[in-house]
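S.K.: Dropping a structure here in structure tokens format, bear with me for questions.
The values are calculated or read from the model by the stated rules, or taken from the named source; none is laboratory data. Model, not experiment: these values are computed from the prediction. Methodologically, a virtual Cβ is constructed for each residue, glycine included, from the backbone with ideal geometry; neighbour enumeration extends over all protein chains shown. We work out accessible area using only protein heavy atoms, side chains counted, and drop any ligands, DNA or RNA first. Shrake-Rupley method; radii C 1.70, N 1.55, O 1.52, S 1.80 Å.
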Amino acid sequence: MNNNARDEFSIIEDLPNELFVGIFCYLNGVDTVFAFLSLNNRFQKLLRKYCKVFDFKSSSKLQFDTIFDQYSTKRWKSLQLSNDDQTSGQIEYCFQRYPLSVYFTQLESLSLLKMKTSDLSILSELSFLTNLTSLKIGFICGEIISMYDLSDLKQLKRLVITSCFNIRWTNKLSQLDTLEYVIMHCCLNLLVLTWPSRLKHLKIVLESAEHNDLLPQSISNLSELTNLEIYQKEQGYTIPNGQQWEQIISSSCPLLKNLKFVFQFPYQSYISNQMKQIIASFSTPFYINEKKWFVRCDIWTRYRAIRSLKLKSTVSSPSSLNESEVEQIIRIFALKCQHLSICIPMSFDIVVSFLRDMQQLYSLHVVTDVKDNEKITLKWLEQQEIGLNYTNCRLINEEYNYYFWLGIH
């Protein structure tokens, strides 16, 4: 290429550092590091200095180990770890090697998703994070988390948590501006819905429709609330009542500017004007004229976007999948599937075949056949000669559930 032709193009090395610094602010540090990993020393310095947000939720073990081996955590501002099926055991794996109170004291944002019982001791180290403004954790029962004093986190302004209906412990967190609470009905603790009184932003997600009738009265003490979101993920039995919400908001939340909600309820086609009655209750002058809020009522079917493959069946179902049918399905996805979860009892031989044939797997969750007496271990797998890199593989066994977090084969 002659000089005149070259002048018509820009190459990446010609771009100023300021441009890359601005771009890095919008990207996950994991993706950024691997995009620039093989470039020259200039880019390595930029990565070390300006990559500050790291989300390992969907990362392979190879990516995780590479970043922690080559990059210091001292400049990081945000960290997200997860124990989902794709990265099972990641939280424990991280903090066993890099204690929170030593390597992450400068963090401003921390997310620990799908925590296990073995991870709870980490909560006692949160007091070392004196700059923490945002915390996301779950699932933790309200009875258990009440044993840890989060009120020591003086800078904490935003909390996102998945827990039970016992939310009394949140009242100690008077410093919060924003609370996002996913409620799961999973224990027998008392139903206590009282939110921190100085909240400005409250988001409530109901995993089930039980006790949704308690929500209107629960916001009666939130006089400073400006934004309220409520999402009911399962169909309930009560019909939404706009007049009830109007009375609560008018009397208790005078500063409320934004209201968003999804209430699912059974559509009774034989009830005359059911939809019109519901919409009318949310279409009074209070909603339309004063608040300028508008409501829509839909009859709809929910679809899910598939990002990874999960097979689940029940013995009692007439359409229950057997091992042979599962193998046939897996063959279709074997070349490209990266995250596989099979909640159907499989023999050890089938598990070995998955690990041998599915070269792109980052994670595997499989339930083994209860007839097999021995356990799968890394040593046992090595004897099967399936080509795994055992130094870069993590295996967790929970009864008959096996979780593999894989590097490269």
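S.K.: Going by what's in this entry, would residue 267 be described as modelled with pLDDT under 85, open to solvent by 60 Å² or more (accessible area, probe 1.4 Å) and under 28 Å from the mean Cα position of the chain (by Cα)? Step through it out loud before you land on a result.
M.R.: Values: modelled with pLDDT under 85: yes; open to solvent by 60 Å² or more (accessible area, probe 1.4 Å): yes; under 28 Å from the mean Cα position of the chain (by Cα): no.
So residue 267 does not fit the description; no.
S.K.: If residue 137 passes every condition in (1) farther than 26 Å from residue 310 by Cα; (2) not in a helix (DSSP H, G or I) but one, which one does it miss?
M.R.: (1)
S.K.: Can residue 71 be described as closer than 28 Å to residue 115 by Cβ, over 24 Å from the mean Cα position of the chain (by Cα) and of a type outside the set (A, V, I, L, M, F, W, C)?
M.R.: Details: closer than 28 Å to residue 115 by Cβ: yes; over 24 Å from the mean Cα position of the chain (by Cα): yes; of a type outside the set (A, V, I, L, M, F, W, C): yes.
Yes: the conditions hold for residue 71.
S.K.: Condition check: in contact (Cβ under 8 Å) with a residue 12 or more places away in the chain, of a type in the set (A, V, I, L, M, F, W, C), crowded, with 18+ Cβ neighbours inside 10 Å and closer than 22 Å to residue 84 by Cβ. Does residue 167 satisfy that? Lay out the reasoning, then the answer.
M.R.: Values: in contact (Cβ under 8 Å) with a residue 12 or more places away in the chain: yes; of a type in the set (A, V, I, L, M, F, W, C): yes; crowded, with 18+ Cβ neighbours inside 10 Å: yes; closer than 22 Å to residue 84 by Cβ: no.
Against the criterion (in contact (Cβ under 8 Å) with a residue 12 or more places away in the chain, of a type in the set (A, V, I, L, M, F, W, C), crowded, with 18+ Cβ neighbours inside 10 Å and closer than 22 Å to residue 84 by Cβ), residue 167 does not qualify.
S.K.: Can you name the residue in segment 163-181 that is assigned to a strand (DSSP E or B) and modelled with pLDDT of 95 or more and, of all such residues, is farthest from the chain's Cα centre (by Cα)?
M.R.: Applying the filter and picking the extreme gives 178.
S.K.: Given the structure, is residue 321 buried (at least 16 other Cβ atoms within 10 Å of the Cβ), at pLDDT below 80 and in a loop (DSSP other than H, G, I, E, B)?
M.R.: Details: buried (at least 16 other Cβ atoms within 10 Å of the Cβ): yes; at pLDDT below 80: yes; in a loop (DSSP other than H, G, I, E, B): yes.
For residue 321, the condition - buried (at least 16 other Cβ atoms within 10 Å of the Cβ), at pLDDT below 80 and in a loop (DSSP other than H, G, I, E, B) - is met.
S.K.: Consider segment 182-195. How many of its residues are crowded, with 20+ Cβ neighbours inside 10 Å and part of a loop (DSSP other than H, G, I, E, B)?
M.R.: The initial filter retains those residues of segment 182-195 that are crowded, with 20+ Cβ neighbours inside 10 Å, namely 183, 195.
So of that shortlist, the ones also part of a loop (DSSP other than H, G, I, E, B) come out as 195.
Residues flagged as crowded, with 20+ Cβ neighbours inside 10 Å and part of a loop (DSSP other than H, G, I, E, B) within segment 182-195 amount to 1.
S.K.: Here's something else I'd like to know. Name the single residue, out of those in segment 54-83 being in a loop (DSSP other than H, G, I, E, B) and either hydroxyl-bearing (Ser, Thr, Tyr) or in contact with a His (Cβ under 8 Å, 6 or more places away or on another chain) (or both), that is nearest to residue 136 (Cα to Cα). Steps first, answer last, please.
M.R.: First pass over segment 54-83, keeping only residues in a loop (DSSP other than H, G, I, E, B): 56-60, 71-77, 83.
Right, trim to either hydroxyl-bearing (Ser, Thr, Tyr) or in contact with a His (Cβ under 8 Å, 6 or more places away or on another chain) (or both) and you get 58-60, 71-73.
On the way: 58: 17, 59: 18, 60: 21, 71: 24, 72: 23, 73: 19 Å.
Top of the filtered list is 58.
S.K.: Further, regarding this structure: Could you please find all residues in segment 337-369 being farther than 19 Å from residue 405 by Cβ and in a loop (DSSP other than H, G, I, E, B)?
M.R.: 347, 369
S.K.: Quick test for you: out of 310, 292, pick the one residue that is surrounded by fewer than 16 Cβ atoms within 10 Å (Cβ to Cβ), at pLDDT 75 or above and in a strand (DSSP E or B). So that I can check it myself, show each step before the final result.
M.R.: Details: 292 fails: in a strand (DSSP E or B).
Every option except 310 fails the conditions.
S.K.: Hey, another quick one. Return yes when residue 231 is closer than 23 Å to residue 113 by Cα and aromatic (Phe, Trp, Tyr) and no when it is not.
M.R.: Working: closer than 23 Å to residue 113 by Cα: yes; aromatic (Phe, Trp, Tyr): yes.
Yes.
S.K.: Evaluate the following for residue 125: is it closer than 18 Å to residue 83 by Cβ and charged (D, E, K, R)? Spell out how you get there, then give the answer.
M.R.: On the way: closer than 18 Å to residue 83 by Cβ: yes; charged (D, E, K, R): yes.
Judged against the criteria, residue 125 is a match.
S.K.: Could we say that residue 251 is farther than 17 Å from residue 204 by Cβ and open to solvent by 80 Å² or more (accessible area, probe 1.4 Å) here?
M.R.: On the way: farther than 17 Å from residue 204 by Cβ: yes; open to solvent by 80 Å² or more (accessible area, probe 1.4 Å): yes.
Criteria met by residue 251.
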